[in-house]
Amino acid sequence: MLELHFAPVLASLDQLLWASIASVVIGIAGMVVAMVAGTVSALMSQVPARAVRTTANLYVDLFRGTPILVQILFFYFLPAALGVDVSAYVTGVVALGLYYGSYISEIMRGAIEGVAVGQVDAARSLGMPKVMTFWRVQLPQAMTIVISPLAGQFSRLFKASSLLSVIGVSELTLRGQYVMTRTYAPIETWLAVAAIYFVFSSIAVYGSVWLEARLVRGRL
């Protein structure tokens, strides 16, 4: 019969919590990269020039069509092949950011295109340039629409940071492997690690629900 003994794992809980902070930092940094890449790609998809739109579509298709683990390994070994010294943390954040940026690109594109055409036409009729119309009319409304989807992407990115353990990034999953090896308690260790991932992911999701509600009330 399975017997669980959490005492050895709880003794190492401080190490797991510190490692979880590293995972959160990686998640936030990766989300910043993803937001920049996704927003730029979404804006490129709205440009009349066909070459620019094709470049944006190629980025989305390429990163969404290949496994994230393969991309992490590619970006990890690429700098060494080019003779450049880049830390595993940086390559991991870039890989996560570009991968999830391809999903955020479609989220942002749909939100921008979802703004009522009448409001855009009204802004243009008042003499607003295209750039001002985007920043003052389209973007604020689009951000209200995308809060929940973006929170979902952050939650996925945060959990996907566990894949960086394969390139030696000291985050929660890699620390969990060390704790498991030292305590000989694999089930208890991974239950604790899963619980920490669940807590942080839940905070992100429910926080986005609260923020979205505040923004919606502010628009009423």
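Of the residues in segment 31-59, how many are among the basic types (Lys, Arg) and either under 15 Å from residue 110 (Cα atoms) or in contact (Cβ under 8 Å) with a residue 60 or more places away in the chain (or both)?
Summing the residues that are among the basic types (Lys, Arg) and either under 15 Å from residue 110 (Cα atoms) or in contact (Cβ under 8 Å) with a residue 60 or more places away in the chain (or both) in segment 31-59 gives 1.
Within segment 146-204, restricting attention to residues that are β-branched (Val, Ile, Thr) and within 17 Å of residue 18 (Cβ to Cβ), which residue is surrounded by the fewest Cβ atoms within 10 Å (Cβ to Cβ)? Working first, answer last.
Keep residues of segment 146-204 that are β-branched (Val, Ile, Thr), which gives 146-147, 166-167, 169, 173, 179, 181, 183, 187, 189, 193, 196, 199, 203.
This time we only want the ones that are within 17 Å of residue 18 (Cβ to Cβ), so: 169, 173, 179, 183, 189, 193, 196, 199.
Working: 169: 24, 173: 20, 179: 24, 183: 18, 189: 24, 193: 22, 196: 18, 199: 10.
Among those that are β-branched (Val, Ile, Thr) and within 17 Å of residue 18 (Cβ to Cβ), it is 199.
Of the numbered conditions (1) at pLDDT 90 or above; (2) loosely packed, with under 15 Cβ neighbours inside 10 Å; (3) of a type outside the set (S, T, N, Q), residue 218 satisfies every one except a single condition; which is it?
Against the list (1) at pLDDT 90 or above; (2) loosely packed, with under 15 Cβ neighbours inside 10 Å; (3) of a type outside the set (S, T, N, Q), residue 218 comes up short only on (1).
Applying the selection to segment 37-72, what residues are surrounded by 16 or more Cβ atoms within 10 Å (Cβ to Cβ) and aliphatic (A, V, I, L, M)?
Passing the criteria: 37, 42, 43, 44, 56, 60, 68, 72.
What are the pairs with Cβ atoms under 8 angstrom where one residue, in segment 77-88, is modelled with pLDDT of 90 or more and the other, located anywhere, is among the acidic types (Asp, Glu)? Sequence gap at least six, or different chains.
79/85
Going by the conditions given, is residue 211 hydrophobic (A, V, I, L, M, F, W, C), modelled with pLDDT of 90 or more and either surrounded by fewer than 13 Cβ atoms within 10 Å (Cβ to Cβ) or closer than 30 Å to residue 60 by Cβ (or both)?
So residue 211 does not fit the description; no.
Go through segment 160-198 and count every residue that is in contact with a Phe, Trp or Tyr (Cβ under 6 Å, 6 or more places away or on another chain) and farther than 19 Å from residue 75 by Cα.
Qualifying residue count, segment 160-198: 1.
So, in segment 134-144, of the ones that are of a type in the set (A, V, I, L, M) and surrounded by 18 or more Cβ atoms within 10 Å (Cβ to Cβ), which residue ends up nearest to the chain's Cα centre (by Cα)? Walk me through it before giving the result.
So in segment 134-144, the residues of a type in the set (A, V, I, L, M) come out as 137, 139, 142-143.
Applying the additional criterion that residues be surrounded by 18 or more Cβ atoms within 10 Å (Cβ to Cβ) yields 137, 142.
Values: 137: 26, 142: 18 Å.
Residue satisfying both the conditions and the ranking: 142.
Could you check segment 80-105 and list, in sequence order, the residues that are under 20 Å from residue 43 (Cα atoms) and among the aromatic types (Phe, Trp, Tyr)?
Residues satisfying the conditions are 99, 100, 103.
Among what's in segment 1-57 and is more than 25 Å from residue 138 (Cα to Cα) and not in a helix (DSSP H, G or I), pick the residue that is modelled with the lowest pLDDT.
Per the stated criteria, the residue is 1.
The values are calculated or read from the model by the stated rules, or taken from the named source; none is laboratory data. Predicted model only: the values in this text are computed from it and were never measured. We place every Cβ from the backbone using ideal geometry, glycine too, and count neighbours over all the protein chains shown.
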